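Asks: After the structure tokens below, expect a handful of questions from me.
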Amino acid sequence: MKELSRELKSTLGGYDVTIVKSATDTNGDYLIVQVEMEPKGGNGLHYHTTFEEEFEVLEGTLSIQLGKQRIQLQPGDKAVAPKLVLHRFYNEDACRKCVFLVTVKPARQFEATLRIAYGLAHDGLTKANGIPKSFWHTALLFHMGESYTAGLPHRFQIWLAGLLAKEARRRGKHKDFEKYYLPQVTEQLA
């Protein structure tokens, strides 16, 4: 089995990720990544159905939205985004980066999703917001990442993601991910 880099560099200018403890290191119990987020970086509102995320700030100020609550974390502070709770994280500072740890419990396929998303971006296969240009790649990533957006009913998103991912697999689009992650894992994910 090939050794995978633990550093995932963003080509979109948002944030770089270093895998501190991989899913393999913990038998899938959890995953820890260190994120270095640029000034004004962040992501959109979303939620996860099968895992929670714990954030711990190492440097700078991390802003987090949990449901309707907005909090700012300083070095040493922690916050948890439980399953099914809409959340996002962002750096409001215009000058300083923010460095923080994210622990994903259980690890699920989060590492594979990160590796594939960063790989697609590196190869110029995503839009400026990080969403894959290929409709089928988007369907597969949403399905395997078990992450959903605000604004659409939960059951509808799960049904639609599953249906589209099934069609993407039928078309062999999951094989495009093998260069970013291990083939035996991408087969399971798709």
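Asks: What net charge is computed for the residues neighbouring residue 133, neighbours being all others with C-beta under 15 Å from the C-beta of residue 133, Lys and Arg scored +1, Asp and Glu -1?
Replies: Residues close to residue 133 contribute a combined charge of 0.
Asks: Add -39500 (n - 2.57) for each DSSP H run of 4 or more in the chain, then divide by its residues: what number comes out at 222 nm, to the nearest 500 deg cm²/dmol?
Replies: -8000 deg cm²/dmol
Asks: Can you pull a Stokes-Einstein diffusion coefficient for segment 1-149 at 25 °C (0.890 mPa s), Rh from Kirkwood over Cα pairs, as a whole number of µm²/s?
Replies: Rounded to a whole number, D works out at 157 µm²/s.
Asks: Which of these, 73, 45, 152, has the largest mean-square fluctuation under a Gaussian network model of the chain (Cα springs below 10 Å)?
Replies: Among 73, 45, 152, the largest GNM mean-square fluctuation belongs to 152.
Asks: Oh, and also: Of 78/173; 97/179; 83/175; 21/173; 9/105, which ones are farther than 27 Å apart at the Cα?
Replies: In this structure, 78/173; 97/179; 83/175; 21/173 exceed 27 Å between Cα atoms.
Asks: With no solvent and one equal point scatterer placed on each C-alpha of segment 70-190, evaluate the Debye formula and give log10 I(q)/I(0) for q = 0.15, 0.17 Å⁻¹, two decimals.
Replies: Debye curve over Cα of segment 70-190, log10 I(q)/I(0) at q = 0.15, 0.17 Å⁻¹: -0.81, -1.00.
Asks: For the chain, find the longest principal axis of its Cα atoms and tell me its angle to the long axis of helix 135-145, 0 to 90°, nearest 10.
Replies: Around 60 degrees separate the two axes.
Asks: OK, next. Got a number for carbon plus sulfur as a percent of segment 39-190's accessible area, 1.4 Å probe?
Replies: Heavy-atom surface of segment 39-190 belonging to carbon and sulfur, 1.4 Å probe: 55 percent.
Asks: Counting Lys and Arg as +1 and Asp and Glu as -1, what is the net charge of the other residues whose Cβ lies under 9 Å from the Cβ of residue 91?
Replies: Cβ neighbours under 9 Å give a net charge of 0.
Asks: Working from the alpha-carbon coordinates of segment 22-106, get Rg over Rh, Rh being the Kirkwood radius.
Replies: 0.97
The values are calculated or read from the model by the stated rules, or taken from the named source; none is laboratory data. Nothing here was measured: the structure is a model prediction, and the numbers come from that model. Glycine gets a Cβ as well: all are built from the backbone with ideal geometry, and neighbour counts include every protein chain shown. Heads up: the accessible areas ignore ligands, DNA and RNA and are worked out on the full protein's heavy atoms, side chains in. Shrake-Rupley method; radii C 1.70, N 1.55, O 1.52, S 1.80 Å.
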